[in-house]
Amino acid sequence: MKATLEGDFNRMSNEDVLALVAKAGPHRSRTFMQTLALWTERARQRRQMRHDLNTIGFNDDVLADFGLSRQLAEKEANKHFWQA
C-alpha cells in the first residue's frame, strides 16, 4: 500500500517515519525525493516560525495580518515536518 503524504504520514509515529526514510535508498523514485524536499522546506519554515514567535514576539495584530491567532500559529510551528 502506498502512503500518501497528506494522509498516512500524519498518522505515523516518529519511529515509523524514520524507519521509512531509513529504508529509502538512491533507487527510490523521484516522488520520494520530492517528498524529502517538501519535508525539508516545512522543517525550515516551522523552525523559522518558532524562532519568530519566540524572539521577535509577534503580537496579535501582526498575526491577524497573516490570518492567524497566536494559538494557531504556535500549533502550526510545533507540527512535525511530515504533518501537513
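The values are calculated or read from the model by the stated rules, or taken from the named source; none is laboratory data. Note that the coordinates shown come from a computational prediction; the quantities given were computed from them, not determined experimentally. Every residue, glycine as well, gets a Cβ built from its backbone with ideal geometry; the counts of neighbours run over all protein chains shown. Just so you know, the surface numbers come from the protein's heavy atoms only, side chains and all, with ligands and any DNA or RNA stripped out. Shrake-Rupley method; radii C 1.70, N 1.55, O 1.52, S 1.80 Å.
Go through region 37-62 and report how many residues are exposed (fewer than 12 other Cβ atoms within 10 Å of the Cβ) and in a helix (DSSP H, G or I).
Of the residues in region 37-62, 11 are exposed (fewer than 12 other Cβ atoms within 10 Å of the Cβ) and in a helix (DSSP H, G or I).
Is at least one residue of region 63-72 open to solvent by 70 Å² or more (accessible area, probe 1.4 Å) and either at pLDDT below 85 or not in a helix (DSSP H, G or I) (or both)?
Yes, region 63-72 has at least one match.
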